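To start, the structure itself, in C-alpha cells.
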Amino acid sequence: MESNEPAYILATSGTTAKPKLVVHAHGGYQVGIHSMGKWCFGLRDTDVWWSTSDIGWVVGHSYIVYAPLLAGATTIAFEGAINHPTPDAIWQITDEFGVTGMFTSPTAVRLLMRYGDEGKPKTKLPSLERVFCAGEVLNPPAWDWLQNEALEDRIPVIDHYWQTETGGPLVGNPYGLAMLPSSPAPAERPCPASKPPS
C-alpha cells in the first residue's frame, strides 16, 4: 500500500457528542507510533507489553497492535475486565505473563484504588519496569496510590496526554530517551516531535 493510504478510520466525539471521523494514514501513523513507542515508552523487541485499553480505542490500535508489533515486542491482547474475577486480576496477569511495560488508564487506577489492599499486587511483579497512563488526567491521588502504595515506588508511573486525532502522545515524559523526574503533576512536557500545546 502507499504510505498515504488510510490505515484505519476511527470515530471520536470527545466532549462534543458530535462524532468526528479521524483517518490515520499508513506511513505517517506508523512512523509516529513507532518513534513515540521508542522515545516515550522505551518499547523494545524484548518487551512483553500490555495496553489494558479497549482495542477499538486509539490506544488499543496504537499500543496493543501496531507499535508493539513494529518494535518486535510481544503484546498482550486481553478481552475482559481487569478486576475480574478478583480485584487484583490485572496484577495476576502481569505476573503470569512477565509483563515488562504496561499502558493503562487513570480510570482503571481509580477503579483499583476503590478496592484498597485487594486492588494491590500480591507479588513484587519482578518483570514490570514501567507503567504509563493516558485517557484523561492522572490526578495526584491516583498517581500516588499506584506509584507509592500499589507499586511501592519500585518503578515509574508516568502520565501522558494524547488524543484520537494524534494517534500517540503529545505531552509526557520521554522515558525511552532519558527518564525525567516523575511526579504526581499531570503530564506537562512536550514529547519529541510534537508541537508544544498553546
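The values are calculated or read from the model by the stated rules, or taken from the named source; none is laboratory data. Everything quoted here is computed from the prediction, not taken from an experiment. Cβ: placed from backbone, ideal geometry, glycine included. Neighbour counts: every protein chain shown. These accessible areas exclude ligands, DNA and RNA; they are computed on the full protein's heavy atoms, side chains included. Shrake-Rupley method; radii C 1.70, N 1.55, O 1.52, S 1.80 Å.
Can you name the number of the only condition in (1) out of contact with any Gly (no Cβ under 8 Å at 6 or more places or on another chain); (2) under 18 Å from S53 (Cα atoms); (3) in a loop (DSSP other than H, G, I, E, B) that M179 fails?
That leaves (2) as the condition not met.
In segment 168-182, which residue that is touching a strand residue (DSSP E or B) at 6+ places or on another chain (Cβ under 9 Å) and without any contact (Cβ under 8 Å) to a residue 60 or more places away in the chain is nearest to D153 (Cα to Cα)?
This residue is S182.
Need the failing condition index for Q92 against (1) part of a loop (DSSP other than H, G, I, E, B); (2) at pLDDT 95 or above; (3) not aliphatic (A, V, I, L, M), just the number.
Unmet for Q92, out of (1) part of a loop (DSSP other than H, G, I, E, B); (2) at pLDDT 95 or above; (3) not aliphatic (A, V, I, L, M): (1).
Of the conditions (1) open to solvent by 40 Å² or more (accessible area, probe 1.4 Å); (2) aromatic (F, W, Y); (3) modelled with pLDDT under 90, W162 satisfies every one except a single condition; which number is it?
So W162 meets the others, but not (1).
Only one residue in W39, W50, W57 is crowded, with 23+ Cβ neighbours inside 10 Å and of a type in the set (A, V, I, L, M, F, W, C), so which one is that?
W50
Which members of segment 110-138 meet the condition of being closer than 30 Å to V23 by Cα and either open to solvent by 70 Å² or more (accessible area, probe 1.4 Å) or not in a strand (DSSP E or B) (or both)?
A134, G135, E136, V137, L138
So which residues in segment 95-107 are surrounded by fewer than 16 Cβ atoms within 10 Å (Cβ to Cβ) and in a loop (DSSP other than H, G, I, E, B), if there are any at all?
Within segment 95-107, just G98 meets the criteria.
Against the definition (in contact with an Asp or Glu (Cβ under 7 Å, 6 or more places away or on another chain), modelled with pLDDT under 90 and open to solvent by 10 Å² or more (accessible area, probe 1.4 Å)), how does A193 come out, yes or no?
no
Give the number of residues within segment 1-36 that are open to solvent by less than 90 Å² (accessible area, probe 1.4 Å) and among the β-branched types (V, I, T).
5
Can you pull out the residues in segment 68-88 that are of a type outside the set (V, I, T), under 9 Å from T52 (Cα atoms) and surrounded by 13 or more Cβ atoms within 10 Å (Cβ to Cβ)?
F78, the sole residue that qualifies.
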